[in-house]
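S.K.: Pasting in a structure now, in structure tokens, and then I'll have a few things to ask.
The values are calculated or read from the model by the stated rules, or taken from the named source; none is laboratory data. Being a predicted model, the structure only gives us computed values, none of them experimental. Here the Cβ is made from the backbone with ideal geometry for all residues, glycine too, and neighbour counts use every protein chain on show.
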Amino acid sequence: MTHQTTCCYCGVGCGIVVKQEANGRLTVEGDKQHPSNKGMLCSKGMNLHYTVMDQSDRLLYPQMRLNRNMPMQRVSWDAALERTAAVFRTFIQKYGPDSVAFYVSGQCLTEEYYLVNKLIKGFIGSNNIDTNSRLCMSSAVVGYKLSLGEDSVPVCYDDIEEADVFLVQGANPAWCHPIIWRRIEAHKAANPNVKIICVDPRKTDTARSSDLHLPIRPGTDIVLNNAIGRLLIENGDIDVDFITNHADGFTAYSEQVMQRTLDEAAEICGINADGIRQAADWIGRSKGFLSLWTMGLNQSVIGVNKNLALINLHLITGRIGKPGNGPFSLTGQPNAMGGRETGGLANVLPAHRDVTNAAHRAEVEAFWNSPVKIASKPGLTATEMFEALGNTSLKAIWIINTNPLVSMPDVNAVEKALKNARFVVVQDVSSRADTVQFADVVLPAAAWLEKEGTMTNAERRIAHLPKVLDAPGEALPDSEIIWRFARKMGFGDAFPYENTSEVYDEYAQLTAGTNVDITGVNYALLKEKRTIQWPYRKGEGRKEGREEGTKRLFTDHTFYTPNGRAQIHAVPDENTSEPTDADFPLVLTTGRIRDQWHTMTKTGRVAKLNQHSPQPFLQIHPDDARARNIEEGQLIEVRGRRGEVRVKAQLTDDVRPGLCFLPMHWGKVLSGKSGESNLNRANNLTNALVDPRSKEPDFKFSAVEVVPF
Ligand code: SF4
């Protein structure tokens, strides 16, 4: 049997063909018909079948305990969900609806996201649902909203082959979005005039194969982009017609960027002014200018302003809404986009509606026939949720398919909060999820290939994922767990579903008339066409050129802002991250390595993937190491204001002096005689500072010191 599905790791959203042999053995290969990856897969995708076939760590049965001193006991689904419903009802009656929360994941399918949102926002009456996309994309979301009017990626992957200048900033697609990078490399190989500019304090594989690497000091991206903006203006490389007819804010922007000279900007960024001149020159002369970014811009206390400073370069040059041009935020999780579309953030309602907008709330309440008013106040965001759990204002948290005990910033505080929490539900595939140890109720979920649903990738491309295998034990699809729970809460009339197709159809109806309108999409069409890019309105399939959906947005240069004009923002360029000092003089940045995915609950089980970097390490510049008597491979302690980490040192000039890099993947590990150790956890060191608007944490900038251990 052969099945077409989508990779469940990253937002590239590669198509995969799964073959099931008669003996049950699975193989995977890239889907040559899929427009995103055209048959290519990276090392993670190529080894996906091993994560399905190895079921040694699977959660198989619902479990619960009446208090934390008791062992977990296997119970029936009814018992687990009835107890959870009873506890939730008690807290809601006693402390109000905001005493409970759901923390979900960009791994969730669109239907799952939709159901959790409907339950808590429309039926419990709280906006306390947030997702790990908050840790990943929320600065890009706010950046798009402020500049283009809505969280809408304007470009598509086919723009890669149309562009001649790429600005890759705060991203390492060579490792983290490999199939996009392979398309860029192939395009450059066929067109040697193509230029790639990489902005990154680290000399990554992406930087190595770029034409120009600008290794700026951490936190200085806005200074750099404003300097490029100034040069574009001075060189006459702006699009006056576009600015006049389609954008607001140019005068204030121009005044802002003129405040720093090029030399001053170069000095602040710690790079040569010639590099900035070269970047501006290439961008100014480009026919197709595509910028790609991820966590280096997003995971910052000034993440929204970093996004705006980059998008500004497209708006002043008019390089948006036409082939090969536009800002392109590379998505981390496979369905971060689908989650955002259904309202999976604490401040959003389905189809990018806003919880603070009374008309939007009224539309959704009426559609759901909600028994409660949707709250007008945004709910708790990811970091706020664990803070509230720590100070006991939040009584119960339900964690779905994410592992905050490794992935959250200042993770020691998160661990303390979970330890002291009144009630924790963990819904997951794997017993390796570190949160399981603090759960009062554990709910076993079906994994990739074991459930049906849809996802949206980074280019707004919706794909259908079929159910190929039965889940082991009593594990259930996440959608079914949520609708069964909703029924236990007494909301059965509104959660009558028998399959996820019904959930999808309901969600699609709720998008009618919005900019995310997918009323023309249903499972039957997705199975026939394989993928569709939103928006795709009812009847769209009959229109010429729209059969596969919408490749690009804003092609008529009308934006989703109230006046239809894009907004250029003059943004301050100062960084407000945690300051370094004599005790903690180095800046720590965290990130991913080539063959691991997030907290390694899947990739950590695949022997082939563990060969690339089997142990965590700290990259430190040789000058900084020498000053501390640290040698290559030596065990060192990284100390910060909130905790420490012990790993081996890797001396390399791939990091700037003053900067060190630690992978974010490792959690608690067994450590010889001393038993369990969490001293590999990068997030022992990171801080809970967040961007004031996006509430995205500042993972890329923490003050530390490094000493031999
Ligand atoms: Fe999967 Fe991303 Fe690799 Fe594609 S690039 S195979 S979606 S991990």
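S.K.: Identify, please: which residue in the stretch 322-337 is in a loop (DSSP other than H, G, I, E, B) and away from the ligand (no atom under 14 Å from the Cβ) and is, among those, surrounded by the most Cβ atoms within 10 Å (Cβ to Cβ)? Quick ask: steps written out before the conclusion?
M.R.: Of all residues in the stretch 322-337, those in a loop (DSSP other than H, G, I, E, B) come to 322-325, 330-335.
Cutting the leftovers down to away from the ligand (no atom under 14 Å from the Cβ) gives us 322-325.
Working: Lys322: 18, Pro323: 17, Gly324: 20, Asn325: 25.
Only one residue tops the list, namely Asn325.
S.K.: Right, something else. Looking at Gly473, is it under 30 Å from Gln93 (Cα atoms), in the same structural domain as Asn369 (by TED's automatic domain parsing) and assigned to a loop (DSSP other than H, G, I, E, B)? Reasoning before the result, please.
M.R.: Numbers: under 30 Å from Gln93 (Cα atoms): no; in the same structural domain as Asn369 (by TED's automatic domain parsing): yes; assigned to a loop (DSSP other than H, G, I, E, B): yes.
When the stated conditions are applied, Gly473 does not pass them.
S.K.: Related question: Is it true that some residue in the stretch 145-159 is closer than 16 Å to Leu310 by Cβ, free of Cβ contacts under 8 Å to residues at least 40 places away in the same chain and away from the ligand (no atom under 16 Å from the Cβ)?
M.R.: Yes, because at least one residue in the stretch 145-159 is closer than 16 Å to Leu310 by Cβ, free of Cβ contacts under 8 Å to residues at least 40 places away in the same chain and away from the ligand (no atom under 16 Å from the Cβ).
S.K.: A further question follows. Are any of the residues in the stretch 388-401 buried (at least 24 other Cβ atoms within 10 Å of the Cβ) and assigned to a loop (DSSP other than H, G, I, E, B)?
M.R.: Yes, the stretch 388-401 has at least one match.
S.K.: Does Asn191 meet the test of being of a type in the set (S, T, N, Q) and either farther than 20 Å from Ser329 by Cβ or surrounded by fewer than 20 Cβ atoms within 10 Å (Cβ to Cβ) (or both)? Even if it seems obvious, please write down each step before you answer.
M.R.: On the way: of a type in the set (S, T, N, Q): yes; either farther than 20 Å from Ser329 by Cβ or surrounded by fewer than 20 Cβ atoms within 10 Å (Cβ to Cβ) (or both): yes.
The answer is yes for Asn191.
S.K.: Taking Leu618 as the residue in question, decide whether it is in contact (Cβ under 8 Å) with a residue 60 or more places away in the chain and buried (at least 21 other Cβ atoms within 10 Å of the Cβ). Reasoning before the result, please.
M.R.: On the way: in contact (Cβ under 8 Å) with a residue 60 or more places away in the chain: yes; buried (at least 21 other Cβ atoms within 10 Å of the Cβ): yes.
In short, yes.
S.K.: Residue check: is Arg353 modelled with pLDDT of 95 or more, charged (D, E, K, R), within 29 Å of Glu150 (Cα to Cα) and over 21 Å from the mean Cα position of the chain (by Cα)? Even if it seems obvious, please write down each step before you answer.
M.R.: Details: modelled with pLDDT of 95 or more: yes; charged (D, E, K, R): yes; within 29 Å of Glu150 (Cα to Cα): yes; over 21 Å from the mean Cα position of the chain (by Cα): no.
So Arg353 fails the test.
S.K.: May I ask you to verify whether Lys94 is within 22 Å of Asp221 (Cα to Cα), of a type in the set (Lys, Arg) and surrounded by fewer than 24 Cβ atoms within 10 Å (Cβ to Cβ)? It would help to see each step written out before you state the result.
M.R.: Numbers: within 22 Å of Asp221 (Cα to Cα): no; of a type in the set (Lys, Arg): yes; surrounded by fewer than 24 Cβ atoms within 10 Å (Cβ to Cβ): yes.
The answer is no for Lys94.
S.K.: Let me spell it out: the conditions are (1) without any contact (Cβ under 8 Å) to a residue 60 or more places away in the chain; (2) more than 12 Å from the ligand (Cβ to nearest atom); (3) not assigned by TED's automatic domain parsing to the domain that holds Asn391, and Gln73 meets all of them except one. Which number is the exception?
M.R.: Unmet condition: (3).
S.K.: Any chance you could count how many residues in the stretch 652-671 are in a strand (DSSP E or B) and over 20 Å from Val414 (Cα atoms)? Full working, then the answer.
M.R.: Filtering the stretch 652-671 down to residues in a strand (DSSP E or B) leaves 655, 659-663, 669-670.
Then keep just the ones that are over 20 Å from Val414 (Cα atoms); that gives 655, 659-661, 670.
Residues that pass the stated criteria total 5.
S.K.: Could you look through the stretch 579-603, keep only residues that are in contact with a Leu (Cβ under 6 Å, 6 or more places away or on another chain) and within 21 Å of Val406 (Cβ to Cβ), and pick out the one that is surrounded by the most Cβ atoms within 10 Å (Cβ to Cβ)?
M.R.: Applying the first criterion (in contact with a Leu (Cβ under 6 Å, 6 or more places away or on another chain)) to the stretch 579-603 yields 587-588, 590, 595, 603.
Now restrict to residues that are within 21 Å of Val406 (Cβ to Cβ): 588, 590, 595, 603.
On the way: Leu588: 29, Thr590: 21, Asp595: 19, Thr603: 24.
Looking at residues that are in contact with a Leu (Cβ under 6 Å, 6 or more places away or on another chain) and within 21 Å of Val406 (Cβ to Cβ), I get Leu588.
S.K.: Here is a further query. If only one of Arg319, Arg361, Arg340 is buried (at least 24 other Cβ atoms within 10 Å of the Cβ) and either within 18 Å of the chain's Cα centre (by Cα) or in a helix (DSSP H, G or I) (or both), which one is it?
M.R.: Details: Arg319 fails: either within 18 Å of the chain's Cα centre (by Cα) or in a helix (DSSP H, G or I) (or both); Arg361 fails: buried (at least 24 other Cβ atoms within 10 Å of the Cβ).
Selected residue: Arg340, the only one of Arg319, Arg361, Arg340 that is buried (at least 24 other Cβ atoms within 10 Å of the Cβ) and either within 18 Å of the chain's Cα centre (by Cα) or in a helix (DSSP H, G or I) (or both).
S.K.: Among the residues of the stretch 356-401, write down those that are more than 11 Å from Asn128 (Cβ to Cβ) and β-branched (Val, Ile, Thr).
M.R.: Answer for the stretch 356-401, where residues must be more than 11 Å from Asn128 (Cβ to Cβ) and β-branched (Val, Ile, Thr): Thr356, Val364, Val372, Ile374, Thr383, Thr392, Ile399, Ile400.
To keep it simple, each residue is scored yes or no on (1) modelled with pLDDT under 95; (2) surrounded by 24 or more Cβ atoms within 10 Å (Cβ to Cβ).
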site: Lys419; (1), (2): yes, no
site: Val426; (1), (2): no, yes
site: Arg432; (1), (2): yes, no
site: Val436; (1), (2): yes, no
site: Asp440; (1), (2): no, no
site: Ala446; (1), (2): no, no
site: Glu452; (1), (2): no, no
site: Thr456; (1), (2): no, yes
site: Glu459; (1), (2): no, yes
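S.K.: Right, next: Any residue that is farther than 24 Å from Thr601 by Cβ and at pLDDT below 90 - is there at least one of those in the stretch 23-38?
M.R.: Among the residues of the stretch 23-38, at least one is farther than 24 Å from Thr601 by Cβ and at pLDDT below 90, which makes the answer yes.
S.K.: Kindly evaluate Val436 against the criterion of being part of a helix (DSSP H, G or I), more than 26 Å from Arg530 (Cα to Cα) and touching a helix residue (DSSP H, G or I) at 6+ places or on another chain (Cβ under 9 Å). Walk me through how you get there before you give the answer.
M.R.: Values: part of a helix (DSSP H, G or I): yes; more than 26 Å from Arg530 (Cα to Cα): yes; touching a helix residue (DSSP H, G or I) at 6+ places or on another chain (Cβ under 9 Å): no.
No: the conditions fail for Val436.
S.K.: So, in the stretch 32-60, of the ones that are surrounded by 17 or more Cβ atoms within 10 Å (Cβ to Cβ) and farther than 30 Å from Glu459 by Cβ, which residue ends up farthest from the ligand (Cβ to nearest atom)?
M.R.: Leu59
S.K.: Right, next: Of all residues in the stretch 6-21, count the ones that are buried (at least 22 other Cβ atoms within 10 Å of the Cβ) and more than 6 Å from the ligand (Cβ to nearest atom).
M.R.: Residues in the stretch 6-21 being buried (at least 22 other Cβ atoms within 10 Å of the Cβ) and more than 6 Å from the ligand (Cβ to nearest atom): 6 in total.
S.K.: Of the residues Val104, Val87, which single one is more than 16 Å from the ligand (Cβ to nearest atom), assigned by TED's automatic domain parsing to the domain that holds Ala366, farther than 27 Å from Glu450 by Cα and not polar (S, T, N, Q)?
M.R.: Values: Val104 fails: farther than 27 Å from Glu450 by Cα.
Result: Val87 is the single residue among Val104, Val87 that is more than 16 Å from the ligand (Cβ to nearest atom), assigned by TED's automatic domain parsing to the domain that holds Ala366, farther than 27 Å from Glu450 by Cα and not polar (S, T, N, Q).
S.K.: Could you please find all residues in the stretch 564-620 being touching a Cys at 6+ places or on another chain (Cβ under 9 Å) and away from the ligand (no atom under 16 Å from the Cβ)?
M.R.: Leu586, Val587, Leu588, Thr589, Leu618, Gln619, Ile620
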